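Note sheet for the following structure.
The values are calculated or read from the model by the stated rules, or taken from the named source; none is laboratory data. This is a predicted model, so every value here is computed, not measured. Glycine also receives a Cβ, built like all others from the backbone with ideal geometry; neighbour counts cover every protein chain displayed.
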Amino acid sequence: MDLSAELVAPCTPETLFGWVCDLGRYPQWLEIVTRAEAVDDGSWAVDLRGRMGPFARSKRLRMVRSELVEPQRAVFERAETDGRDHSPWTLTAEVAHHEAGSRLAMRLHYGGGLFEPLIERVLRDEIERSRLRLLDLVTADAG
């Protein structure tokens, strides 16, 4: 599953990048991320929760930032340490100048198949809802 989304925000790239380069800030604007806590080894413990009607699915991931080019690009990848094989998750956030301020392009790759149609629908719905929350936060930071 591969999902993409874009957002144009009336702020500097640095302001917008500050909201997407640190997974610890995601619960403030992305409801499906219920927890994202930094761990001493530089990773994040991330809890995802999605609900569709009476069905809910939760997932805990260990994510690391595999690439950081400030203030343009941050890439996060699943990196479990339990020695088992896990489905890949890769989140890429790219920020660029835009005539209205900044443009954010995000891509999520999920390599698993379990409940994929449910997960994809929940993620697409959440992406739409999260745009306004993120816009409110970056606008407040820019003001």
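The single condition among (1) assigned to a helix (DSSP H, G or I); (2) among the charged types (D, E, K, R); (3) within 14 Å of Tyr26 (Cβ to Cβ) that Asp141 does not meet is (3). Filter segment 62-86 for residues that are aliphatic (A, V, I, L, M) and out of contact with any Phe, Trp or Tyr (no Cβ under 6 Å at 6 or more places or on another chain); which is farthest from Gly18 (Cα to Cα)? Checked segment 62-86; the qualifying residue farthest from Gly18 (Cα to Cα) is Ala79.
Looking for whichever is within 18 Å of Val122 (Cβ to Cβ) and of a type in the set (Gly, Ala, Ser) here; the options are Ala36, Ala9. Which one fits? None of the others qualify; the one that does is Ala36. Report yes if some residue within segment 107-119 is touching a strand residue (DSSP E or B) at 6+ places or on another chain (Cβ under 9 Å), without any contact (Cβ under 8 Å) to a residue 40 or more places away in the chain and not in a loop (DSSP other than H, G, I, E, B); otherwise report no. The answer is no; no qualifying residue exists. Only residues that are surrounded by fewer than 17 Cβ atoms within 10 Å (Cβ to Cβ), touching a Pro at 6+ places or on another chain (Cβ under 9 Å) and either at pLDDT 85 or above or closer than 23 Å to Val64 by Cβ (or both) were counted across segment 99-143, and they come to 5.
May I ask you to verify whether Trp29 is in contact with a helix residue (DSSP H, G or I) (Cβ under 6 Å, 6 or more places away or on another chain), under 21 Å from Asp125 (Cα atoms) and not aliphatic (A, V, I, L, M)? Taking the combined requirement at face value, the residue satisfies it.
Return a yes/no flag: does segment 49-63 have any residue that is under 12 Å from the mean Cα position of the chain (by Cα), part of a strand (DSSP E or B) and at pLDDT 90 or above. Yes, segment 49-63 has at least one match.
Does any residue of segment 37-48 turn out to be under 20 Å from Ser4 (Cβ atoms), in a strand (DSSP E or B) and at pLDDT below 95? Yes, because at least one residue in segment 37-48 is under 20 Å from Ser4 (Cβ atoms), in a strand (DSSP E or B) and at pLDDT below 95. Within segment 43-56, does at least one residue satisfy the condition of being over 22 Å from Arg131 (Cα atoms), buried (at least 17 other Cβ atoms within 10 Å of the Cβ) and either among the small types (Gly, Ala, Ser) or touching a helix residue (DSSP H, G or I) at 6+ places or on another chain (Cβ under 7 Å) (or both)? Yes - at least one qualifying residue is present in segment 43-56.
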